[in-house]
Amino acid sequence: AVQKLHELYEANRLLNEQEAGVFLRQIKLLESESYQNAIESSIANEKVNAAYAVMINRDELVETFRHLEEPVIRRRINDMQEISNRLIQILGGAAIRINLGDEPVILVAEALSPTEIMEMDKDKLLAVVMHHGSAVSHASIMAKTMEIPTLVDVAADDEWDGKTAIVDGYTGTFYLNPDAEIQKEYEIRLEADRREREELLKLKAQKDETKDGSNIGLYANIGNMSDLSSVLFYGAKGIGLLRSEFQYLGRENYPRENELFLAYKKIAETMGEKLTVIRTADLGADKQAEYLNIPDETNPIMGNRGIRLCLDRKRMFKAQLRAIFRASAYGNLALMYPMISSEEEMDEIEEIIREVKIGLDEKGIPYKHIKTGIMIETPAAAIISDKLAEMVDFFSIGTNDLTQYTLAIDRQNEKLDEFYNPHHEALLRMIQMVVDNAHKCGKWAGICGELGADATLTEQFVRMGLDELSVAPSMVLKLRKIVREMKVEE
Ligand code: PEP
Ligand code: MG
């Protein structure tokens, strides 16, 4: 890395000595004892590989200084991020990121994978505009979690490169070369948006309770560790869905049990008493990595994905379960399973959990008896939810998949958007049925699909008896406001 930085310095110094100075600054940082010691101690103490040690060290520093605006510190953090990324790449620990350049930009692409979105430097990404994908495809969901306004079904044109544009994620509008009047209008809207956010932040520590005393917990959905700070920032009651599969993507091989454990432990410790629901890896379909070697399928959405893949690859599944149980000793974790469609799958999981616990007991590794839940994402699970309710502690309804499987509409296909109706009566009836079946058994039920964040339905959800809604972190306070201003009886 040092050699490469020297080369870059030499190549750039004649053009702009001052700008090229950044490479010298980065060499100094890279060679500093404090930087190297931090990484070496992660390797020695936590037994992680070098690339991973560089990564956690980078993420921790970025997280710690995230809210500091002091220019010198910002510059140092930027340098630190850049040298770390360079090192990780050299160590073979990560795919090359999309280079967004130095200035914040609107990224226009044919299509982006969820991993590509997640790996992007959030501070340099103003908005995303894609040709393919839908509002409930994972790339859009990840962008939403990161608070990046995103548009889909917009055919890009090379001519747009370098031009000014406005992306309005609320109305789904893209303005290329906006005139002065529109720019002015959007500056006013942006300011209003900022003010609204400040107002909402006052509700951060308030309860999710209606005026007449009904409760519905507002939780956050996250995809990776860097979303943790926004969960706390927006005062979510906990994490209702951790999409754990993202730790398996954008890499060359399965994550090891210890790597998973360290990540879950960090989450458990950061969240303290607040609940974190870890959804076991929902891989397959649109969440692929080469090393997973999932054979080609005619219809991957209905293929070997979610719990099916886990039950098919027990070593992988057990490693994750062991990591979750080990981490449970450090906080308040719960487990849930994606894509369940039968009681037999639950029986099989129970058997595996038994084996995992025996293994931990034999080694004297501490763990808690954590609560478990089922994601209701298939019509089959919704229909037999009376029986499934007896097998677990809670349900979380994954409306993104439940909608696609109920209406037989691929959630990724932007051409079918007009048919993808998450307000369809069939779905609302199923949600009611699941809630009632859970309650009959004394269990709780929530929604973690995107429909949970649909503010036009929040009051209805409270009246339907839902106990929890898990949404993008930035939506928590908007929903809290609605809940606190309503009466169930009205
Ligand atoms: C869902 O299907 O609604 C869900 C929450 O899971 P994912 O969006 O990750 O498939
Ligand atoms: Mg799903």
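The values are calculated or read from the model by the stated rules, or taken from the named source; none is laboratory data. As the structure is a computational prediction, the values presented were derived from the model and not from experiment. Positions of Cβ are generated from backbone atoms using ideal geometry, with glycine treated the same way; all protein chains shown enter the neighbour counts.
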Of all the residues that make up the range 2-35, how many are touching a helix residue (DSSP H, G or I) at 6+ places or on another chain (Cβ under 8 Å) and within 30 Å of Tyr264 (Cβ to Cβ)? 1
Only residues in the range 24-35 that are among the hydrophobic types (A, V, I, L, M, F, W, C) count as the first member; pair them with residues that are surrounded by 15 or more Cβ atoms within 10 Å (Cβ to Cβ), Cβ under 7 angstrom, at least 6 apart or cross-chain, and list the lot. Leu24/Tyr9; Ile27/Leu5; Leu29/Tyr35; Leu29/Asp79; Leu29/Met80; Leu29/Ile83; Leu30/Ala1; Leu30/Ile83
Please state which one of Leu321, Leu360 is more than 22 Å from the chain's Cα centre (by Cα) and more than 16 Å from ligand 1 (Cβ to nearest atom). Leu360
Matching residues, the range 18-65, being in a helix (DSSP H, G or I), basic (Lys, Arg) and over 22 Å from the mean Cα position of the chain (by Cα): Arg25, Lys28
Scan the range 479-490 and give yes if some residue there is at pLDDT 95 or above, within 22 Å of the chain's Cα centre (by Cα) and on the phi < 0 side of the Ramachandran plot, otherwise no. yes
Selection from the range 271-305 of residues that are under 21 Å from the mean Cα position of the chain (by Cα) and of a type in the set (Val, Ile, Thr): Thr276, Val277, Ile278, Thr280, Ile301
Within the range 71-86, can one find any residue that is at pLDDT 85 or above and surrounded by fewer than 16 Cβ atoms within 10 Å (Cβ to Cβ)? no
Any residue that is among the small types (Gly, Ala, Ser) and within 23 Å of Ile349 (Cβ to Cβ) - is there at least one of those in the range 271-281? yes
Of all residues making up the range 454-490, the number that are outside any helix (DSSP H, G or I), of a type in the set (S, T, N, Q) and free of Cβ contacts under 8 Å to residues at least 60 places away in the same chain: 1
Top-ranked residue in the range 395-442 [being among the charged types (D, E, K, R) and surrounded by 22 or more Cβ atoms within 10 Å (Cβ to Cβ); ranked as nearest to Ala380 (Cα to Cα)]: Asp401
Regarding Glu269, is this residue touching a residue at least 40 places away in the same chain (Cβ under 8 Å) and among the acidic types (Asp, Glu)? yes
Every residue in the range 381-418 that is within 14 Å of ligand 2 (Cβ to nearest atom) and assigned to a helix (DSSP H, G or I), please. Ala381, Ala382, Thr399, Asn400, Asp401, Leu402, Thr403, Gln404, Tyr405, Thr406
For the range 419-429, check the following and say yes or no: at least one residue is outside any helix (DSSP H, G or I), within 16 Å of ligand 2 (Cβ to nearest atom) and within 22 Å of the chain's Cα centre (by Cα). yes
Output for Cβ contacts, cut-off 7 Å, separation at least six or different chains, first residue farther than 17 Å from Tyr337 by Cβ and within 11 Å of ligand 1 (Cβ to nearest atom) in the range 441-453, second among the hydroxyl-bearing types (Ser, Thr, Tyr) and not in a helix (DSSP H, G or I), reads Gly452/Ser470
When you go through Ile43, Ile98, Ile39 one by one, which is the residue that is in contact (Cβ under 8 Å) with a residue 12 or more places away in the chain and surrounded by fewer than 17 Cβ atoms within 10 Å (Cβ to Cβ)? Ile98
Out of the range 272-296, which residues are crowded, with 18+ Cβ neighbours inside 10 Å and more than 15 Å from Gln247 (Cα to Cα)? Leu275, Thr276, Val277, Ala285, Ile294
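Determine if the range 368-378 includes at least one residue that is of a type in the set (Ser, Thr, Tyr), more than 16 Å from ligand 2 (Cβ to nearest atom) and touching a Phe, Trp or Tyr at 6+ places or on another chain (Cβ under 9 Å).
Scanning the range 368-378 turns up at least one residue that is of a type in the set (Ser, Thr, Tyr), more than 16 Å from ligand 2 (Cβ to nearest atom) and touching a Phe, Trp or Tyr at 6+ places or on another chain (Cβ under 9 Å).
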Mind checking which strands (runs of 3 or more DSSP E) fall wholly inside the range 178-290 and carry at least 2 residues that are at pLDDT 95 or above, away from ligand 1 (no atom under 16 Å from the Cβ) and within 27 Å of Glu377 (Cα to Cα)? none
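Could you tell me which of the residues Glu199, Glu209 is more than 24 Å from Asp59 (Cβ to Cβ), surrounded by fewer than 19 Cβ atoms within 10 Å (Cβ to Cβ), free of Cβ contacts under 8 Å to residues at least 60 places away in the same chain and more than 13 Å from the chain's Cα centre (by Cα)?
So the residue among Glu199, Glu209 that is more than 24 Å from Asp59 (Cβ to Cβ), surrounded by fewer than 19 Cβ atoms within 10 Å (Cβ to Cβ), free of Cβ contacts under 8 Å to residues at least 60 places away in the same chain and more than 13 Å from the chain's Cα centre (by Cα) is Glu199.
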Has the range 167-181 got at least one residue that is more than 21 Å from Ala472 (Cβ to Cβ) and β-branched (Val, Ile, Thr)? no
Close pairs from the range 159-185: first in contact (Cβ under 8 Å) with a residue 24 or more places away in the chain, partner of a type in the set (S, T, N, Q), Cβ under 7 Å, at least 6 apart: Gly169/Thr150
Among the residues of the range 82-89, are any touching a residue at least 12 places away in the same chain (Cβ under 8 Å), of a type outside the set (Val, Ile, Thr), under 21 Å from Leu126 (Cα atoms) and part of a helix (DSSP H, G or I)? yes
